[in-house]
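What follows is calculated from the coordinates using simple rules that are stated; it is not laboratory data. Since the structure is predicted, the reported quantities are computational estimates derived from the model, not experimental observations. Cβ: placed from backbone, ideal geometry, glycine included. Neighbour counts: every protein chain shown.
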Amino acid sequence: MVVLDAPGRPLHSIEQVFDTVRMVNPELAEIVERLRPTVLSGERTLPVPEALRPVFPLGGLARGSRLSLRGTGAASICMHTVAEASKAGSWVAVVGVGAWGWAAAARAGWSLERSVFVAEPPTGQWGTVVAALVDAVDLVIVDPVHQVSATDARRLAARSRERGSIVVDLAVDDGRRRFRWPTEADLTLTVESTEWAGLEVGHGVLADRRLRVGADGRRGAARTRRVELSLGSNGALSVIDPAISPAVVGTPAVAAVPSGRHLRAV
Amino acid sequence: MPSEGDAPTRTVVVWCADWPAVALGRPVDRPVVVMFANRVVATNPLARALGVDLGVRRREAQRHCPEAELVERDADREARTFEPVVAALDDITPRIEIVRPGSCLFPARGPSRYFGGDAELADRLTLAVRRQLVIPTAVGVGIADGAFAATLAAKRSAGMEAGGTDVSVIVPPGETPGFLAEFGVGALQQSGPSSPDLVEVLVRLGITTLGSLSALAASDVVARFGAEGAEAHRLARGLDLRPPRLADPPVDLDVSHEPDPPLERVDQAAFVAKALADDLHERLGSRGLAAVAILIEATTTEGHTVERRWRHDGALSSTAVAQRVRWQLDGWLTSTQGRRSRGAGALARLRVRPTEVVPDVGRQMGFWGGADAASIRARRGLARVQGVLGSDAVMVAEWRGGRAPGEQYRLVSVDAVAVAADESFDLAAPGPEPWPGRLPDPPPALVWQRPRRAEMHDAEGQMVRVDRRGGCSGEPARLSIESGPWQAVVGWSGPWLSDERWWDALAHRRRARFQLRTVDGTAHLVALESQQWWVEATYD
């Protein structure tokens, strides 16, 4: 079946249809709706802790999506993000992150009876193994140390959409090189800054942490959301400031635009 | 029409309704509901009449029937109480195979000819079983071509008996496909080996009866559904799951054991059963085989031999074999009928022989249903991953307790952890005991499996050293991990000295630990051991 996105011009692949935000043709939008795979599972999202809800466009982890976590503190944010879903009954698989701190995960609220660790598969089998895990569990956390092939990435995306599973990719800073994924994640959370409290010079212990987490959707489809979080030594995650709107943070003050010029939304 | 070599064996199935409830021995005038993994797996007729269906959750069952007694399933007891029933049927035919407590089957031709016809045979069976039942229940006898059809026939017969008429369902030879056609595809899952996923997909595709499934071309079914679909298609057409085997498995697959002293008590049986099952599993596994049916044989000190066959829908896992051997030994050792049949003397020699083997196409999971769908799906998928990467590649974190972050939780292979009844793993939980010298919370998010070599210098560029009493040679100022870029240290605390296993020359370890944070916001747990700095964990 050949899908046209404008009279006479075929699309390269069906997947591009899902990626495109702008619909050139209203009929195409209708075709896309009919082709969209049904989410088999009950709900469209998995729950996340209340403090993190502002950064998720749907208020939770969108089933069938890929979440990317970057920055110092990404591992802890990952643990907290997944904790609610794990408590609610979802199974989680951590692939190849040998340094995963299970005490920290348990502290964040993971149900360890429904969490498994899978040793890093050989590069050639990585795609097959992760695909099998996507079928098996709701959340698969990966940290590939090799370049993920476009085929593997597409296959995982399709499988996870069909199954309603979520792939979370990390890039642990262990001195080894990491590669960019061939496709963009549906949502990227970046820990932009971390501030520890409690450890002074020569005394004290690491206690509470202040993190700023920013969320970006695909190709700028969703506007960057940000939230300031406090992660206590007891594992409690709470919001410090309400979500700061992107127009205020980080961008220079918007000057008056002389008439005749048009602003383009990014 | 099935071809000559493919003709299914004419089989008799005897099915006792609600066996899990019957085995409990509760009187019939009170509703009884049997639970497993928080779901209802069996009810007695009274509870069913009051509205409790199979598969509902505990709360829903209580809502329908508040006065019902909710009891946890006791598989051991079910097997033990079924042994006398099977022993009674031994007089009618020697080749009985138990499928699960409450249901057994055997080939029909011989006994049928001996007793003068299928109907006479069925009557005898019903009578023999009834006599053994302490708690009356519906008994169904079904005779048809193939075990699957006979099972459906037996269940229908039990259903009719419960309704008042005492009839066995006998499907005349050759009419089995017609008999099967009207059953829904759900029967493949309830009375057959198919998974609920397959049934769900078939229903969604509009294939709701076995007749419509059998009407499809076998090649199409295999192409779409694979081996599982091929199985289901064979069953729907009235064929046996596997063509009748041509030769017995080689004798060297048998395992035997001579317990010393001879077995007399039930508590010894569990250990012996596990040993036998593991041995058998290893022998089969080394040839890439799995057992579908086994023969358990015991010889007493007096020289008397008893045997029992067990059959399963799919391949028997090591746990499944161990369980059946344990049940069988239980039955022989405890029940009066069992004791009578084995005569005097303890069990001196045990033998388990696989009577039917198939190529091992994957790992087995728990065979009792009723667990929640997510766990079943996870277990199945993880088994597939184990098949690709090896059984030790899938691990779970088990609490061990310890001081250092890496010691508190250890990864153990999934198989090594006892799989609890509800398909989730039964792991030790953190205990309340304090661990003196334990590092303070919060625990670090990344605990390096191999500590990372590092350099720690003070403001003068000298390596920071720590003496025996915990005095530092200088204040930590810069850190470089694995010859990486130098990071300025903006906060640090320590040393926390740890002197472990001082009594053991080999395992003695003396470490000085520090927490520190660098200018970019990262925090680490570092340790100095034998004049070398290591990053043990990172608070990512």
**Request:** Measure nothing but the geometry: give the 0 to 90° angle between the long axis through the Cα atoms of B:373-389 and the longest principal axis through the Cα atoms of chain B, rounded to 10°.
**Result:** 70
**Asked** Once you average over the residues of A:130-140, how many Cβ atoms of partner chains fall within 10 Å of each Cβ?
**Response** 4
**Item:** Ordering of A:170-177, B:517-524 by burial proxy (mean other Cβ atoms within 10 Å per residue, highest first)
**Value:** B:517-524, A:170-177
**Message:** 5 Å is the cut-off here: which amide hydrogens, built 1.01 Å from N in the peptide plane, fall below it relative to A:I141, excluding neighbours closer than 5 in sequence?
**Reply:** A:A93, A:V94, A:V95, A:V168
**Complete:** In whole Hz, the Karplus estimates of ³J(HN,Hα) for the range B:282-292 (6.51, -1.76, 1.60; θ = phi - 60°; x where Gly or Pro) are 5, 5, 5, x, 5, 9, x, 10, 9, 8, 9
**Item:** Helix-derived mean residue ellipticity, 222 nm - over chain B, DSSP H n ≥ 4, -39500 (n - 2.57), to 500
**Value:** -10000 deg cm²/dmol
**Fill in**
Between the alpha carbon centres of the range B:80-158 and the range B:505-536 the gap in Å comes to 70
**Asked** Among B:303-311, A:77-85, how do they line up from the highest to the lowest mean number of other beta-carbon atoms within 10 Å?
**Response** A:77-85, B:303-311
**Message:** Check which residues have an amide H placed less than 5 Å from B:V489's amide H, if you skip close sequence neighbours.
**Reply:** B:R478, B:L479
**Message:** Using a 7 Å offset from Cα along Cα-Cβ at B:I135, what residues in the range B:22-47 end up with backbone N under 16 Å from the label point?
**Reply:** B:22-36, B:40-47
**Prompt:** Taking Cα centroids, how far is the range B:45-74 from the range B:169-186 in Å?
**Reply:** 31
**Complete:** Residues meeting the amide H criterion for A:G71 (H placed from the backbone, H to H distance under 5 Å, 5 or more places apart or on another chain) are A:V191
**Prompt:** Considering the Cα trace of chain B, what is its radius of gyration and what is Dmax, both in angstroms?
**Reply:** 30.7, 104
**Prompt:** Once phi is turned into θ = phi - 60°, what whole-Hz ³J(HN,Hα) does the Karplus curve with 6.51, -1.76 and 1.60 give for every residue of the range B:397-414, x standing for Gly and Pro?
**Reply:** 8, 10, 5, 10, x, x, 8, 6, x, x, 8, 6, 10, 10, 8, 10, 4, 4
**Inter-part distance where the range A:168-214 and the range B:261-318 are each reduced to a Cα centre, Å** = 54
**Item:** Ranked by how many other beta carbons lie within 10 Å on average, peptides B:87-98, A:62-73 from highest
**Value:** A:62-73, B:87-98
**Fill in**
Fraction of alpha-carbon pairs in the range B:214-275 farther than 21 Å apart, rounded to whole percent, equals 57
**Message:** Please list, in order along the range A:100-116, the HN-Hα scalar couplings obtained from phi with the Karplus expression 6.51 cos²θ - 1.76 cosθ + 1.60 (θ = phi - 60°), rounded to whole Hz, x for Gly and Pro.
**Reply:** 3, x, 5, 5, 5, 5, 4, 5, 6, x, 5, 8, 5, 6, 10, 10, 10
